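The block underneath contains the structure these notes are about, expressed in structure tokens.
The values are calculated or read from the model by the stated rules, or taken from the named source; none is laboratory data. Quantities reported herein were computed from a predicted structural model and do not represent experimental measurements. Glycine also receives a Cβ, built like all others from the backbone with ideal geometry; neighbour counts cover every protein chain displayed.
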Amino acid sequence: MRHIELAAWLQEHRESLIAQCEQGETSDLSLVDNVLEVARTGQADKIDSTVGQAARQAAAQEIPLDRLLREPQSLKEAIWQELRKDKLTASKTLALIEAVEPIFSRIFQTSTRFYFEASQKMQDALASEIAHLHNQAERKVMDRTADLARANIELSKLEQAKTDFISIAAHELKTPLTLIQGYTSMLHEMGREGDGAVGILEGILRGAERLSNIVEDMLDVSVIDTNALSLRIEAVSLSQFISLVVGQNAHYIQERHLAVHIGDLGSLPRVEIDPRRLHQILGHLLNNAIKYTPDGGDIFIEGRSLPADRSVESGLADSNQFVELAFRDTGIGIAPEDRERIFEKFYRVGQSILHSSSKVKFKGAGPGLGLPIARGLVEAHGGRLWAESPGHDEVNFPGSTFHMLLPVRAVPKAGITVTWVEAPALGESEQQDK
């Protein structure tokens with residue numbers, strides 16, 4: 001009976017309830033008719049499909065749940081207001097409230113349940129899509145990683161092939177070059193003074209010597225790359241070797257009108273190093289300074305001794321004492337992006353076609369092996385070689401400085417064949433220093 005009375009009352013106040021809902025935020029005015037239908041039949045489940053559809057749509061549109069429940073709450077409040085206006089008896093008002101309350105309770109429960117079910121389904125779908133995308137991304141990363149691994153293997157093979165080719169080519173060139181030098185020397189000795197052929201033979205010998213030096217550099221690069229160096233280490237005086245190298249290049253220094261300033265190196269301790277390799281290192285560094293310093297420029301060679309704590313600060317985590325040599329010039333300098341590239345094999349700054357082929361002419365080209373060999377040999381003894389420069393400028397000549405750290409006690413790289421030469425007696429050492 002209560003449902004019939006509620007249906008009659010709702011039908012009587014239908015227009016008023018709709019008007020009140022229109023003034024609120026609700027937009028689903030069909031909810032009034034749905035509540036009326038439930039009151040007329042007494043079957044609350046008849047409203048589930050309508051409420052459920054509204055809840056699913058709200059979840060799909062990411063409308064908050066409290067906003068979804070605002071519509072039935074607004075209708076419920078409108079019903080209370082109408083009941084107060086009617087001035088019904090307490091018993092009839094109570095009966096209508098008891099009849100309408102289960103309907104709205106069902107609406108709230110059904111809306112909440114369908115909303116969360118739809119949200120969960122969408123979250124599951126989203127999680128599934130994310131997992132799918134993640135799996136796709138992982139597969140792509142794995143594929144790319146495999147591609148990179150294959151590319152690295154191929155690059156390693158190419159690098160090894162290049163190293164092998166350099167080694168083979170250098171060895172193959174060395175034999176006929178030795179023959180050319182030998183026969184040319186014989187012809188030069190047989191020539192007579194004033195003979196025009198003597199000058200030609202001298203030119204051939206100079207070219208052969210230059211080519212021989214390039215072949216030797218190629219062989220050195222090969223043994224450094226393959227860790228096949230063989231070192232004969234003994235304690236030597238850096239001061240003596242620097243004087244020797246500068247003296248051997250005196251003709252080139254005078255030809256370019258350069259001034260070489262050697263600092264006080266006599267107080268530096270003797271260092272353990274392969275003398276032949278030290279001669280190479282110093283020669284490459286001095287040759288580099290000569291080539292990139294304009295005529296009339298200056299080259300400074302300075303040194304200092306670094307205790308263990310300072311050597312650690314300089315990038316070598318070792319308790320060993322180090323000696324630092326610095327080759328500073330007033331040349332064209334080095335661009336920031338080239339400071340490391342100049343230590344790569346065959347790398348040359350600028351366009352190769354514009355370079356001179358002379359060994360010591362200003363900006364003279366070479367095979368691009370001197371600095372890589374110097375660094376490789378320094379590191380083979382446990383040292384470090386790097387360059388500093390304000391930048392590249394062929395007008396103002398900011399210059400550059402090459403720093404070399406050498407351990408007083410050599411720490412050869414693993415895998416290198418080392419022969420240690422015993423230090424001479426004290427008296428003999430002093431005589432050699434003199």
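Among the residues of the range 276-287, those that are under 12 Å from Pro372 (Cα atoms) and of a type outside the set (A, V, I, L, M, F, W, C) comprise Gln280, His284.
Return the residues of the range 229-244 that are outside any helix (DSSP H, G or I) and in contact (Cβ under 8 Å) with a residue 60 or more places away in the chain; say none if nothing qualifies.
Leu229, Ser230, Leu231, Arg232, Ile233, Glu234, Ala235, Ser237
The condition of being within 30 Å of Gln123 (Cβ to Cβ) and in the same structural domain as Gln123 (by TED's automatic domain parsing) does not hold for Asp33. Total residues in the range 245-273 satisfying the condition of being in a helix (DSSP H, G or I), surrounded by 16 or more Cβ atoms within 10 Å (Cβ to Cβ) and not β-branched (Val, Ile, Thr): the figure is 1.
The single residue among Met190, Met218, Met186, Met142 that is within 30 Å of Thr419 (Cβ to Cβ) and either within 45 Å of the chain's Cα centre (by Cα) or not basic (Lys, Arg) (or both) turns out to be Met218. Annotation: Asp338 fulfils all but one of (1) surrounded by fewer than 21 Cβ atoms within 10 Å (Cβ to Cβ); (2) closer than 22 Å to Leu238 by Cα; (3) acidic (Asp, Glu); (4) modelled with pLDDT of 90 or more; the unmet one is (2). Do we find that Asp66 is acidic (Asp, Glu), more than 28 Å from Glu5 (Cβ to Cβ) and in a helix (DSSP H, G or I) in this structure? Taking the combined requirement at face value, the residue satisfies it. Confirm whether Ser74 is touching a Cys at 6+ places or on another chain (Cβ under 8 Å) and in a helix (DSSP H, G or I). Yes: the conditions hold for Ser74. Restricting attention to the range 274-302 and to residues that are among the hydrophobic types (A, V, I, L, M, F, W, C) and in contact with a strand residue (DSSP E or B) (Cβ under 6 Å, 6 or more places away or on another chain), the residue that is surrounded by the most Cβ atoms within 10 Å (Cβ to Cβ) turns out to be Ala289. The C-beta contact set for the range 168-184 (first residue farther than 13 Å from Glu209 by Cα, second residue among the small types (Gly, Ala, Ser) and surrounded by 12 or more Cβ atoms within 10 Å (Cβ to Cβ), distance under 8 angstrom, 6+ apart or interchain) comprises Ala170/Ser222.
When every residue of the range 105-116 is checked against the conditions, none turns out to be on the phi > 0 side of the Ramachandran plot and either in a helix (DSSP H, G or I) or in contact (Cβ under 8 Å) with a residue 24 or more places away in the chain (or both).
Of the residues making up the range 46-63, at least one is assigned to a helix (DSSP H, G or I), more than 19 Å from Glu117 (Cβ to Cβ) and without any contact (Cβ under 8 Å) to a residue 24 or more places away in the chain.
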